[in-house]
């Protein structure tokens, strides 16, 4: 026979009193707790302004330890004694349901930064995807059309493709690694070359690299839409950011070139997107930290965005997880980025030669490269010269983004999202202003940041206004009007760049040079070249003695060991404007190549002229003098 009894108030009162002493630190609500009889046993043992802990107390059990009722308040006692299997199963199921439905399972409501525009006109997901796909397709066509002929191949492109070739042959660079850039950028290029079938899959090595840049550009365009959509809380604003970034004339020029900035920009946008959609979820923050680390290892200067990324994490984490999220992001991002420093430390190349008492052998140095950067080209850029190029190609965007930056700095007192995008833009502008060397293509990371500032400066104030007077339809129509005006205007501005003019034949000069060398120069000849030909001459029909002119002049392994400081050891010299300019301006270090040119005859010349701009490549054969 089963017996049970209901506890009276006198028996339950001590249980409640014994559970009331507070535990922990902080301001505690010591107000008396009024509970109904059926709630006896459930008490608050700790409470602060943003956190509380409830404790569950079991109902007194009957004397024989069986269960034959479910109390009104939901508290159950576990049976002990002669209970059947079915009774135990029933008890566990009811107890589980009670714990799930208990009031103490509800945490305080914490509002995340998730600026979804509630009053924005509802757009079906399929329609939104179609619109984004159409704009991405337009961007793909514009960026891909004539990409192998415009712009002309740059020395930097050849350098990174040569480094990618070295990765596939077990080195970080074709010659001694000088720590001029972290290697992860061209490691990705090497991986692409391996997966796509080699450096000659698309004609030559530089073309293969440009196809990869097209993919990175497309990925960055999609990410800029997603980030702008999230930060502004408006899908129409995200489309505007996508159009501004994808169809900017100066972006069409530099986003085609094989540059580390294009690779690092993609990873930076990916890290930013993962943080803003994380909703304080740690897996997203972890992956974002790793993505940011890859961005820094692809382009070292992107470390300037680290404070802005920390601010992003701080804004998008809950109060409970903010410290943990910041520490996690810092640790992973620094650990990933510091692999560059760890490599130098393990190689014994962190400090310059002579700093340590036992270190006397000359070697490259990471610290030495940072403190005394080697002037590797006569065309070292300056901010003034780069500003002239930007003013000519992107003046409207720079003016609008500057106004937007001011608006965001002012509006940031109410909306931290405006300060966030302004923080990113200011960080990189300060880096450019304080840098000794600034090339025109350094504007690549600025393009998405300027687009974000413009759309946030437009959308956030309009969003506030629409919430007060309810003209959200007008706001959406205004943004779509801007999109409709920008797309044809951007395409019309880009058409002259995409045409097959005479300047577009400049890459054909380099292609013709490569074909002539393979058809007329012996494979065992010592050929001095620029970096744009290096990967191609070491892939396919291999010229193992084809060396970069800079290393022939400055690298002791080439200048002293291989050539023995003797111009007579050189067979051919491929001369372009870069080599000629360095011979005229650098003096003594270029004496070896100058002497070889004075003992050489012109064998072939390729030229492309467009007004005052011309591309000339001359191939000289050195006339050897018998050694005495």
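Any residue at all in the range 417-426 that's more than 16 Å from residue 308 (Cβ to Cβ) and either loosely packed, with under 14 Cβ neighbours inside 10 Å or assigned by TED's automatic domain parsing to the domain that holds residue 300 (or both)?
No: zero hits.
Looking at the range 511-628, what strands (runs of 3 or more DSSP E) fall wholly within it and have at least 3 residues that are in contact with a helix residue (DSSP H, G or I) (Cβ under 6 Å, 6 or more places away or on another chain) and touching a residue at least 24 places away in the same chain (Cβ under 8 Å)?
Filter on the range 511-628 gives 600-610, 613-622.
Determine, yes or no, whether residue 245 is in a helix (DSSP H, G or I) and buried (at least 23 other Cβ atoms within 10 Å of the Cβ).
The answer is yes for residue 245.
Could you tell me which of the residues 378, 337 is surrounded by 15 or more Cβ atoms within 10 Å (Cβ to Cβ), in contact with a helix residue (DSSP H, G or I) (Cβ under 7 Å, 6 or more places away or on another chain) and at pLDDT below 80?
None of the other options fit; the residue is 378.
Quick one: which residue in 317, 344 is crowded, with 16+ Cβ neighbours inside 10 Å, within 24 Å of the chain's Cα centre (by Cα) and over 29 Å from residue 260 (Cα atoms)?
None of the others qualify; the one that does is 317.
Please pick out the residue among 193, 208 that is free of Cβ contacts under 8 Å to residues at least 60 places away in the same chain, crowded, with 22+ Cβ neighbours inside 10 Å and more than 30 Å from residue 490 (Cα to Cα).
Being free of Cβ contacts under 8 Å to residues at least 60 places away in the same chain, crowded, with 22+ Cβ neighbours inside 10 Å and more than 30 Å from residue 490 (Cα to Cα) holds for just one of 193, 208, which is 193.
Within the range 250-280, how many residues turn out to be in a helix (DSSP H, G or I), within 21 Å of residue 417 (Cβ to Cβ) and in contact (Cβ under 8 Å) with a residue 40 or more places away in the chain?
The total comes to 8.
Can you name the helices (runs of 4 or more DSSP H) wholly within the range 105-216 that have at least 2 residues being over 30 Å from residue 381 (Cα atoms) and at pLDDT below 90?
By residue number, 125-144.
The values are calculated or read from the model by the stated rules, or taken from the named source; none is laboratory data. What you see is a predicted model, and the numbers here were worked out from it, not measured in a lab. Cβ atoms come from the backbone with ideal geometry, glycine included; neighbour counts cover every protein chain shown.
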